[in-house]
1. Within segment B:181-195, which residues are assigned to a helix (DSSP H, G or I), within 7 Å of chain A (Cβ to nearest Cβ) and either in contact with a Gly (Cβ under 6 Å, 6 or more places away or on another chain) or open to solvent by 10 Å² or more (accessible area, probe 1.4 Å) (or both)?
2. Which residues, taken from segment A:3-39, are at pLDDT 95 or above, among the charged types (D, E, K, R) and under 19 Å from A:Val78 (Cα atoms)?
3. Name every residue in segment A:91-115 that is within 18 Å of the chain's Cα centre (by Cα), buried (at least 22 other Cβ atoms within 10 Å of the Cβ) and among the aliphatic types (A, V, I, L, M), in order of residue number.
4. Return a yes/no flag: does segment A:79-102 have any residue that is under 23 Å from B:Asp197 (Cβ atoms), assigned to a strand (DSSP E or B) and either of a type outside the set (Phe, Trp, Tyr) or in contact with a helix residue (DSSP H, G or I) (Cβ under 7 Å, 6 or more places away or on another chain) (or both).
5. Given the condition more than 9 Å from chain A (Cβ to nearest Cβ), farther than 26 Å from B:Val44 by Cα and either in a helix (DSSP H, G or I) or in contact (Cβ under 8 Å) with a residue 24 or more places away in the chain (or both), answer yes or no: does some residue in segment B:123-130 qualify?
6. What do you reckon, is B:Leu43 in contact (Cβ under 8 Å) with a residue 24 or more places away in the chain and within 16 Å of B:Ile29 (Cβ to Cβ)?
7. How many of the residues in segment A:201-259 are part of a helix (DSSP H, G or I) and among the basic types (Lys, Arg)?
8. Filter segment A:215-235 down to residues that are within 20 Å of B:Ile251 (Cα to Cα) and more than 8 Å from every other protein chain (Cβ to nearest Cβ) and give me whichever is most open to solvent (accessible area, probe 1.4 Å).
There are 2 protein chains.
Amino acid sequence: MLSYKISIIGSGNLATRLAPELENAGHRIVEVCSRNPTNAKALVSRLYNANVKYDYDFTQSAAEIIIIAVSDDAIEEVAKEVALNENMILVHTSGTRPLELLNYAAADHTGVFYPLQTFSKTKRVEFDEIPIFLEASDGKTMRVLEKLARSISKKIVPLKSDQRKAVHVAAVFSCNLVNHLFRIAEEILVENNLSFDLLGPLIVETINKSLALGPEAAQTGPAVREDYETLDAHMDFLKDNPVRSEIYRIISQDIIDSK
Amino acid sequence: MLSYKISIIGSGNLATRLAPELENAGHRIVEVCSRNPTNAKALVSRLYNANVKYDYDFTQSAAEIIIIAVSDDAIEEVAKEVALNENMILVHTSGTRPLELLNYAAADHTGVFYPLQTFSKTKRVEFDEIPIFLEASDGKTMRVLEKLARSISKKIVPLKSDQRKAVHVAAVFSCNLVNHLFRIAEEILVENNLSFDLLGPLIVETINKSLALGPEAAQTGPAVREDYETLDAHMDFLKDNPVRSEIYRIISQDIIDSK
C-alpha cells in the first residue's frame, strides 16, 4: 500500500480530524507542530508514533509532505518561517488562500489540499465522500497529492485558486450562514419555552428535498407564495430585533425577486 | 380502529400529502374542495372514494371534520363562506393564523391542526416524526384533534396561537431561508462551472452537527474565528452582487456579535 510520511502544522479542527484519517489510510504522521503545545500533545496522543515539534525547521525531518492546517490568516506567517529540503512538498488546506501564498516558503513543490467539510474536534466525519480540491505547482506534485487524496476520498477535484474561492464562498453560505439561521430559530423557540428539537424533522426534510429536487424547485413558504399577510405578521413578530428582522426581510425579498 | 370522516378544503402541497396519509391511518376522506378543479381532481384520483366538491356548503355532507388546507391568506374567505352542521369540527392548518380566524364561520367547534414540515406535491414525507401543533375551541374538540393527530404522528404538541406563530417564524428561518442560502450557493457554483452536488456532504454534515451539538457549538468558519482577512476576501468576491454581499455581511456580523 502507498504510504507517505507526513508532518502536520496545526492542531485545530481540521488537523485533529485529518491526521488520524491519514494514518488509517496507511500513511505515517511524523510530526505535529503547533504554537499551542497542549493541543499538539492532545493530537499526538491520538496518533501511533508522531512527535510534537516546536519549530518549523523540517530540514532534519523524515516527512515527505508538510500539511499546513492552520487558520487562513496564519498561513503566510508559517510559510515565511518554514525551512524545507528540496524534495519536500508543502501544501496548505485553505479554501480561500491562493497557492501562491506558499511562495513565501523556499519550497520547490507546493500545493493546495482543501477538503470541503465542516470539521469539529468533537465529531467524527466520514472522509469517503468529501470532495478534496487540489492544486499544485507542478505535475509531479499534483500526482502525489492525487494519490494522497484518493487514499481517503473518492471525490478528487483539481481546481485553480479562483474557482476554489468560489467553492469556499458557496460553502460558507450553505454551512456557516445556514447554521446561524438554525441558531436564530433555536433562540426564537427557547424564548417561547419551546425546544429546538421540534425543528429536527423539518430541517432534515429541508436538506433532503433541496438536494433531491434542487433548491429552486424545493422552495416553499410565505415568500415564494408571495403571501404578504404572513410576511407582514412575521415582520411584526420580529420587530423588536432589528438584526433578525433584516435577515428575514432581505432573504425573503430575494426569494420573491428570484422567482 | 378509530376512523373519522373528513373533508379537505384545498388541493395544494399540504392537502396533497395529508389526505392520503389520513386515509392510510384508517380515516375516510369524503370530499376535496378546491377553487382549482384540476388540482382537486388530481388529488381525488389518489384517494379511495372521495368526491370533488365545488362549494363550501357542508350541511348535507357526511364529514365530521373539515380541514382547511389553503394558503394562509385564503383562510378568512373560506371561513366566511363555509356552512356547517352543529357537530362538525372546522380546523385550519396554518402556523401563523390565530384560531380566532375561524370565528368568521358559524361553527361551534373549531381548531388548529398545524403539522410542522415542508410539503411538496412531488416528494413523500414520513409523518411519523412530524410535530403536529394543536389548538381547539373546547376540550371535546381538542380530544378529537389529539386522536386524529396521534393516528399519523407520535409528536403532538398543544399550543396557543402566539406560541404557534413563534414556531412558524423559527420554521421559516430554518427551512425557507436556509433553502434560499442553498440556492445562492448553487448559483455561485454554477457561475464558476461547478456543480451543487459538491456541497452535498458538507450540507448533510452541517445539519447533523447542528442537531447533534446544537447550532452554537456546531458553528465553524471565518466569522466565528473572526478571520477578517477571509471575510474581506469573500466580501470582495461578492462585491458585484449587492444582495448576496448584504446577506453574507449581516449574518457573518451576527455570528461575531453572538459569540
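1. B:Arg183, B:Glu186
2. The one that is at pLDDT 95 or above, among the charged types (D, E, K, R) and under 19 Å from A:Val78 (Cα atoms): A:Glu31.
3. Residues satisfying the conditions are A:Val91, A:Val112.
4. No - not one qualifying residue is present in segment A:79-102.
5. Taking every residue of segment B:123-130 in turn, none turns out to be more than 9 Å from chain A (Cβ to nearest Cβ), farther than 26 Å from B:Val44 by Cα and either in a helix (DSSP H, G or I) or in contact (Cβ under 8 Å) with a residue 24 or more places away in the chain (or both).
6. For B:Leu43, the condition - in contact (Cβ under 8 Å) with a residue 24 or more places away in the chain and within 16 Å of B:Ile29 (Cβ to Cβ) - is met.
7. Residues flagged as part of a helix (DSSP H, G or I) and among the basic types (Lys, Arg) within segment A:201-259 amount to 3.
8. Ranking the candidates gives A:Met235 first.
The values are calculated or read from the model by the stated rules, or taken from the named source; none is laboratory data. Just so you know, these numbers come straight off a predicted model, no measurement behind them. Backbone-built Cβ (ideal geometry, glycine too); neighbour counts: all protein chains shown. The accessibility values were calculated without ligands, DNA or RNA, using every heavy atom of the protein model including side chains. Shrake-Rupley method; radii C 1.70, N 1.55, O 1.52, S 1.80 Å.
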